[in-house]
Amino acid sequence: MSVALSLHVVAVIVWVGGMVFAWAIVRPAAAPLAPLDRMRLWVRIFTRFLPLAGAMILVILATGYWMVLGPWGGLRGAPPYLHLMQAVGWVMIVVYLYLLILPWPRFRAAVAAADTAEAGRHLAGIRRLVGANSALGLLNAAVGAGGRFLAF
């Protein structure tokens, strides 16, 4: 259980922390760059981050369900806060997959074509998705840290 929990927490830190860093730190720092330079920077960032996030999602799923199936004997034995974490986590995964399948390839293609208007439109959508997923990830981290003390 301790190895699974440790891997689970580290994977969450990498995924959620990476999103928060990109959204709250890199985005404003990159704002003064020329539009095409800024877009190319984001292509380089996402090219590295999206596969890493995907790997962390797999670790989170594997360790999360390992812990639920082990100590709690399945979802029936899991406390309510774990059900909430699971639901929020699946929403986050759907957001990640949507970003990976639709806006990301479109953004990358627009940048390759040097179409900054189209790239900017897709980047704005990605920014909203990353912001929403960051908020959901922070909520899930708070529930994970304090869920056993909540009144439900």
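The values are calculated or read from the model by the stated rules, or taken from the named source; none is laboratory data. Keep in mind the model is a prediction, meaning the values are calculated, not measured. Counting neighbours? That spans all protein chains shown, and the Cβs are built from the backbone with ideal geometry, glycine included.
To keep it simple, each residue is scored yes or no on (1) at pLDDT 95 or above; (2) within 18 Å of LEU129 (Cα to Cα); (3) touching a helix residue (DSSP H, G or I) at 6+ places or on another chain (Cβ under 7 Å).
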| residue | (1), (2), (3) |
| --- | --- |
| GLY18 | yes, yes, yes |
| PHE21 | yes, yes, no |
| ASP37 | yes, no, no |
| VAL43 | yes, yes, yes |
| GLY74 | no, no, yes |
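Just checking, does the stretch 23-34 include any residue being crowded, with 16+ Cβ neighbours inside 10 Å, at pLDDT 95 or above and among the hydrophobic types (A, V, I, L, M, F, W, C)?
Of the residues in the stretch 23-34, the ones crowded, with 16+ Cβ neighbours inside 10 Å are 23, 27.
Checking which are at pLDDT 95 or above leaves us with 23, 27.
Restricting the remaining residues to those that are among the hydrophobic types (A, V, I, L, M, F, W, C) gives 23.
Within the stretch 23-34, one or more residues are crowded, with 16+ Cβ neighbours inside 10 Å, at pLDDT 95 or above and among the hydrophobic types (A, V, I, L, M, F, W, C).
Quick one: count up the residues across the stretch 104-119 that are of a type outside the set (D, E, K, R) and crowded, with 16+ Cβ neighbours inside 10 Å.
Let us first name the residues in the stretch 104-119 that are of a type outside the set (D, E, K, R), namely 104-105, 107, 109-114, 116-117, 119.
From what's left, crowded, with 16+ Cβ neighbours inside 10 Å: 104, 107, 110-111, 116, 119.
Summing the residues that are of a type outside the set (D, E, K, R) and crowded, with 16+ Cβ neighbours inside 10 Å in the stretch 104-119 gives 6.
Restricting to the stretch 128-152, name every residue that is more than 14 Å from VAL88 (Cα to Cα) and surrounded by fewer than 16 Cβ atoms within 10 Å (Cβ to Cβ).
ARG128, ALA145, GLY146, ARG148, PHE149, LEU150, ALA151, PHE152
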